[in-house]
Amino acid sequence: MAGADDAVSLAELVDERRHLLAVACWLPGSGREAERVIDEAYRQWFGLPEAERNRIEEPRVWLCRAVGGACLSRPASPGQRGASADEVGGVLPDPSSPADGARRSLRARRGRPTSAEEHDTVVRAVREACACEDERRLASLLAADAAAFFDGGGKVRTLVRPVEGDVPVARSLLTLLARQPRTTLATHAVNGRTGLVVRYDRQVAAVISLDVVGPHVVHVWVTLNPDKLRTWNHTVRSR
């Protein structure tokens with residue numbers, strides 16, 4: 001189980017990836033190749049033993065060095081460009097992942113389906129608590145055994161393991177959504193139910209789906225994987 005203190009703010013995650021992309025684009029001179037280099041750097045990061053990762057005081061510096069090393073180890077491909085918006089997955093969790101067990105557990109424990117109105121009421125209350133940075137109110141909207149899952153797809157430096165417990169989940173969400181002028185949080189249809197969409201500099205940077213039972217959220221699914229968010233940003237630009 002991951003701790004809430006290990007959470008990273010959305011602004012830090014987005015700015016870190018942008019910085020790495022700038023470094024990688026400058027070295028190989030190709031958008032698509034730069035994305036590959038960044039993904040390789042994050043794979044190296046997540047491949048480190050947890051204890052070793054925890055000893056690294058400046059992850060951004062470590063990742064920059066990994067990007068530089070990856071760039072130097074491969075030839076530039078100037079004829080290549082950025083990945084297509086069609087090369088995207090959805091925001092639902094991978095059915096083969098451990099998180100799918102939580103979905104099955106939810107279905108087993110749910111006495112009656114939560115109505116759309118009840119679901120919307122809870123989600124909007126969560127949005128308001130996050131916007132006001134009210135940890136106590138947010139924790140009260142979460143089940144005591146609530147769990148949050150963060151899907152970075154190995155492409156952003158997010159939490160690897162679930163966060164469990166109402167207060168730890170509340171703290172991890174508030175850390176991720178740390179309020180600042182460049183970050184906005186709004187309700188939006190996600191996987192057929194009301195969820196939350198987080199924008200950073202008007203770009204969709206996270207999509208949050210919530211499982212609600214009665215008056216409480218039992219599971220929070222946070223999608224941060226840039227590949228899975230391309231469809232969201234393409235849709236926004238097309239409007």
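The values are calculated or read from the model by the stated rules, or taken from the named source; none is laboratory data. The shown structure was predicted, so the numbers you read here are calculated from the model rather than taken from an experiment. Cβ sites come from the backbone with ideal geometry, for glycine too, and all protein chains shown count toward neighbours. Just so you know, the surface numbers come from the protein's heavy atoms only, side chains and all, with ligands and any DNA or RNA stripped out. Shrake-Rupley method; radii C 1.70, N 1.55, O 1.52, S 1.80 Å.
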List the GluC sites (Glu not before Pro) within the stretch 24-72 that fall in a DSSP loop (any state other than H, G, I, E or B) and whose Cβ has at most 15 other Cβ atoms within 10 Å. Glu57
Under 5 Å between amide H atoms, partner at least 5 residues away or on a different chain: which partners does Val217 have, H built in plane at 1.01 Å? Leu142, Ala143
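Counting only heavy atoms of the protein chains, get the accessible area per residue of the stretch 108-239 (1.4 Å probe) and round it to a whole Å² value.
46 Å²
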Estimated vicinal HN-Hα couplings, Hz - the stretch 171-186 in sequence order (Karplus 6.51, -1.76, 1.60; Gly, Pro = x): 5, 5, 5, 5, 5, 4, 9, 2, 5, 7, x, 8, 10, 10, 10, 9
Förster radius 45 Å - calculated FRET efficiency between Leu72 and Ala116, Cβ distance, rounded to 0.05: 0.25
Only residues of the stretch 52-70 count here: report those whose backbone N is under 17 Å from the spot 7 Å along Cα→Cβ of Ala178, or say none. 57-61
Based on alpha-carbon positions alone, could you give the equivalent ellipsoid semi-axes of the stretch 120-239 from the gyration tensor, as √(5λ), descending, whole Å? 22, 15, 14
So Ala186 and Arg202, fully extended at 0.36 nm per residue minus their Cα-Cα distance, gain in nm 4.6 nm
